[in-house]
């Protein structure tokens, strides 16, 4: 065997072993994700959060409300809406969550489901994918919690109430 082939083969083997070791060790070295920022710290509280970022290349604003269920117990409700900044009206989102994940299905009255986001939380960041209803388009989503004044949160809460009314009222 050619000595050059032996050296390049040995380098490739060492690189493969190093990569495998890094991948195996990565979960052990990875930091535990921070608790999602949208979650209220006290089970009886309501948490309101504004997120800004991108779906694909388009700037968006997302508003989330995490609140105790009117039925009591440990169940929480997440209400949400988002819009493409400067382009669209607020889109109502049907939200479902667990401790680290958030699924948001967007609907438009008369049209139906227009997309869905599947996100994972790490502290004040949400990341994941937006999926078109036909499953053909898949876009990255990257959002970060944004500061909002009490007045801004009131405006967002009023807008959410209007959007929910427009979608759900007879």
(request) Under 7 Å between Cβ atoms, at least 6 apart or on separate chains: pull out the pairs that start in region 54-79 with a residue that is exposed (fewer than 15 other Cβ atoms within 10 Å of the Cβ) and end on any residue that is assigned to a loop (DSSP other than H, G, I, E, B) and modelled with pLDDT of 85 or more. (result) 59/85
(request) Keeping to region 42-65, report how many residues are in a strand (DSSP E or B), touching a strand residue (DSSP E or B) at 6+ places or on another chain (Cβ under 6 Å) and modelled with pLDDT of 90 or more. (result) 15
(message) Could you tell me how many of the residues in region 106-145 are closer than 17 Å to residue 46 by Cα and outside any loop (DSSP other than H, G, I, E, B)?
(response) 1
(request) Within region 75-96, track down each residue that is more than 22 Å from residue 132 (Cβ to Cβ) and within 15 Å of the chain's Cα centre (by Cα). (result) 78, 79
(message) Suppose we filter 99, 103 for residues that are at pLDDT below 90 and either more than 13 Å from the chain's Cα centre (by Cα) or in the same structural domain as residue 123 (by TED's automatic domain parsing) (or both); which single one remains?
(response) 99
(request) Report, ordered by the first and then the second residue, all pairs with beta carbons closer than 8 Å, sequence separation of six or more or different chains, a first member in region 134-146 that is in the same structural domain as residue 121 (by TED's automatic domain parsing) and under 16 Å from residue 84 (Cβ atoms), and a second member that is at pLDDT 95 or above and assigned to a loop (DSSP other than H, G, I, E, B). (result) 139/56; 140/56
(request) Among the residues of region 90-105, write down those that are in contact (Cβ under 8 Å) with a residue 24 or more places away in the chain and not in a strand (DSSP E or B). (result) 90, 99, 100
(request) With respect to residue 86, determine if the residue is more than 20 Å from residue 157 (Cα to Cα) and outside any strand (DSSP E or B). (result) no
(message) Take the residues in region 143-158 that are buried (at least 16 other Cβ atoms within 10 Å of the Cβ) and out of contact with any helix residue (DSSP H, G or I) (no Cβ under 9 Å at 6 or more places or on another chain); name whichever of them is nearest to residue 105 (Cα to Cα).
(response) 143
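The values are calculated or read from the model by the stated rules, or taken from the named source; none is laboratory data. Note that the structure is a prediction, hence the values are computed from the model and not measured. Cβ sites come from the backbone with ideal geometry, for glycine too, and all protein chains shown count toward neighbours.
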